[in-house]
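Bear in mind these aren't lab numbers, they're just calculated from the coordinates by the rules spelled out. Because the structure is a prediction, the values reported are computed rather than measured. Backbone-built Cβ (ideal geometry, glycine too); neighbour counts: all protein chains shown.
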Amino acid sequence: MPRPSSPCYHSIMKHDPSLTAIEPGVSSRRDTPRIGASPNMGVYIHIPFCRSKCGYCDFNSFSGISQLIPEYVDALTREIELRSEGARQRVSTIYLGGGTPSLLTPHQITGILDACRAHFAVDPDAETSIEANPGSITPEWLRAIRLAGVDRISMGFQSIDDEELRLLGRTHTARQAVDAYTMARDASFWNVNIDLIYGLPGQSLARWQKMLEEAISLSPDHFSLYPLTLEETTPLCHAVEAGAVPAPDPDVAADMYTWAEERLGAAGYAHYELSNWAWPGKACRHNLTYWRNLPYLGMGAGAHSSIGDYRLANMSLPADYISSLRAGRLPREPNEEISRAGRLSETAILGLRLQEGIDLNELQDRFGLDAAKVYRPEIEEVTRLGLVEQDGRRLRLTARGRLLGNEVFLRFLPKGGSARPEGDS
Ligand code: SF4
């Protein structure tokens, strides 16, 4: 069996949607792009605090520094004000991710959302999401953040099996995960996502099937299913290298993915992105902003932004981030300017993750480049390999392509880093 495509959970999917591993056509600049020139956009707020570090995690998250949370929230509200540039830019989605945003009090979350509404023109029906760890929420907390305007909650179950949760270094139990889901429904959350990880060391297909059936029986509105990625610096990776834990089996992971696709489809979920399924109308609008390569503004330690031709990154360490804002300075790293060819490449790669695929006419309108000409040999090759299908001017991954997505994405990198690649029209 082929290996399932490995969506970069950190860099593309959730916490940091920039294409750091691909780096298409970038150059560094210090001047700050003006967000006032962007159409309506998504806002991402990063909360980098966790109770303890999970064994597989290399996100920009930190344990043992929760005493910094009040200063960090003050710094965030300052960054929101500075980044807005007084432009009252229209915002259609807000996403509080982490780390563990559910470590913040309702008062702190309300303060952050109020700052967004004070400095941006937040749509009245803006999707407002928060990530929550099942072990850190209560009915009171859920009711209070619902009143503050949070209308979508993403629950980091990762597993509903205590043995697997221990292997991952999670601090919650399977019982707590299911109870947290019930609490969210009782607190009037009508848009709930469950995150699960598959392809764990020693995990059998039957065990995965049993767990996914249990999750489906809860009827969440949305599922995010990610294959375990062994990140080099993590304790779980070290344990596998030392032989203390069996290496994940990519063939079994591919079977798990294929089975989940069929089962979730039969249960009525639309498979709208490689790793994401939703009831009709419940696709995550914020994450669609990333996959459609539309503008987003990331705030908080280590957050990334995509504004026009620029990709911006904030300082990663919470203490540095706080110090910078306390001194009245934006906590930014040098900007990256992306060439037209780079933006075409980014948009094609991200868009191919979506079930809807990419519309070559739309790409030509956006970038003045005809991807059908720029990538003609590559498109012919991946079509011949059965990885991509073409319907008029629309390209999308086939079922086989969804298992081997990276084989397709690599072919859509910019050619020679040129701003005007071969076939530029
Ligand atoms: S809760 Fe999430 S961000 Fe925090 S350590 Fe675990 S996986 Fe990483």
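Going by amide H atoms built from the backbone, whose H comes under 5 Å of the H on T128, apart from near neighbours?
The answer is I94, D151, R152.
Quick one: order E261, E241 by neighbouring beta-carbon count within 10 Å, fewest to most.
If I rank by nearby Cβ atoms, fewest first, I get E241, E261.
Under the rule of at least 5 residues apart or a separate chain, name every residue whose amide H is placed under 5 Å from the amide H of E273.
Q355
For a test of the definition: using alpha carbon positions, the gyration tensor, and the 1.5 limit on a/c, classify region 119-211 as rounded, prolate or oblate.
It comes out prolate by the Cα gyration axes.
Find which of T347, G357, V382 sits farthest along the positive direction of the dipole of region 343-412, computed with +1 on the beta-carbon of Lys and Arg, -1 on that of Asp and Glu, about the Cα centre.
Working it through, the farthest residue towards the positive pole turns out to be V382.
Would you calculate the volume per residue, in Å³, of the smallest convex hull containing every Cα atom of the chain?
Per-residue hull volume (Cα only) is 137 Å³.
In whole angstrom, note down how far apart the Cα centers of region 146-181 and region 72-104 are.
24
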